[in-house]
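Single-structure report; data block below.
The values are calculated or read from the model by the stated rules, or taken from the named source; none is laboratory data. Since the structure is predicted, the reported quantities are computational estimates derived from the model, not experimental observations. Every residue, glycine among them, receives a Cβ derived from its backbone with ideal geometry; neighbour counts consider all protein chains shown.
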Amino acid sequence: MLNFASIRTLLFDMDGVLYRGQTRLPGVPEILEFCQQRDIAYACITNNATMTPQQYEQKLAQMGIAMPGTRILTSALVTNRYLRDTYPPGTTIYAIGMRGLTEALFDDGYFVPQAERPHLVVQGADFELTYTKLKLGCLAIRHGARFIATNPDRTFPTEQGLIPGAGAIMAALQTATDVEPLVIGKPQPTMFRIALELLERVPEHTLVIGDRLDTDIAGARQAGLRSALMLSGVTGRADLETTPHQPDAVFEGLPQLLAAWQSADEYADDNQ
């Protein structure tokens with residue numbers, strides 16, 4: 001049972017929690033308004049590395065969700081931060097991914113894009129993936145490039161259903177090279193730690209809200225955070241029977257989470 005009274009920070013996953021594809025899920029404006037009224041800090045942490053924070057801001061606005069890009073932390077941004085702390089300027093990278101990844105890596109010239117014999121292969125989701133991209137990545141890794149993956153999400157939720165995600169591409173490269181990548185995004189604790197640093201909040205008063213057991217919930221536990229699973233994304237109740245990654249609470253979606261929180265507040269007020 002969650003102790004809602006102690007929660008002062010929310011870290012939202014996005015795909016499967018706030019929306020699916022281009023469709024807003026129920027309860028989003030209401031819970032953001034609730035956060036504003038109660039002075040609860042929040043940010044979005046997403047393994048999706050395909051889009052920039054500014055693109056996310058525009059996408060959310062089109063769905064009626066007002067959220068500045070500064071509150072959105074993608075696995076591409078976290079990967080870039082890790083790499084800058086690890087490698088010097090001029091390090092060459094072959095990137096398999098979309099604008100969210102390539103802008104994060106190359107916009108200011110710190111890293112240099114290079115397809116042949118790069119120092120690193122950095123891979124995220126790519127909805128325009130070709131055999132040539134896989135071939136170049138495979139050859140680079142086999143020639144000694146370090147293999148970095150932004151996230152291990154095997155699937156990606158859309159209105160039509162689940163489609164291949166970054167983890168599916170990662171698996172193809174891993175199979176072709178026999179090299180296991182270094183994974184930066186969830187479930188690794190790096191993304192959670194950086195989000196709390198940006199918000200200037202502490203783990204003890206933080207709740208992670210996600211739809212994936214193997215990334216959101218597992219990552220929250222690794223980072224020492226409480227978690228609430230939403231069944232509005234990729235996870236069903238049957239999955240809870242076989243997973244070691246158990247959340248602190250389970251809700252059908254954000255409306256049910258908010259209702260439980262408000263009910264807990266009313267109970268606390270009545271018993272003061």
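Each residue in the range 85-123 was checked for being over 23 Å from the mean Cα position of the chain (by Cα), assigned to a strand (DSSP E or B) and buried (at least 17 other Cβ atoms within 10 Å of the Cβ), and 1 pass. Restricting attention to the range 13-24 and to residues that are at pLDDT 95 or above and either more than 18 Å from Gln58 (Cβ to Cβ) or part of a helix (DSSP H, G or I) (or both), the residue that is farthest from the chain's Cα centre (by Cα) turns out to be Val17. Taken together, the residues in the range 39-62 that are of a type in the set (Ser, Thr, Tyr) and in a strand (DSSP E or B) amount to 2. Scanning the range 175-197 for residues that are among the polar types (S, T, N, Q), surrounded by 17 or more Cβ atoms within 10 Å (Cβ to Cβ) and at pLDDT 95 or above gives a single hit, Thr177.
With the condition kept exactly as written, say whether any residue in the range 86-95 is touching a helix residue (DSSP H, G or I) at 6+ places or on another chain (Cβ under 7 Å) and within 15 Å of Thr50 (Cα to Cα). The answer is yes, given that some residue of the range 86-95 is touching a helix residue (DSSP H, G or I) at 6+ places or on another chain (Cβ under 7 Å) and within 15 Å of Thr50 (Cα to Cα). When Thr190, Thr158, Thr206 are checked against the criterion of being hydroxyl-bearing (Ser, Thr, Tyr) and in the same structural domain as Gln123 (by TED's automatic domain parsing), Thr158 stands alone in meeting it. The test for being at pLDDT 95 or above, buried (at least 16 other Cβ atoms within 10 Å of the Cβ) and part of a strand (DSSP E or B) does not hold for Ile31.
Does the range 124-132 include one or more residues that are assigned to a loop (DSSP other than H, G, I, E, B) and of a type in the set (A, V, I, L, M)? Looking for residues that are assigned to a loop (DSSP other than H, G, I, E, B) and of a type in the set (A, V, I, L, M), one finds at least one in the range 124-132, hence yes.
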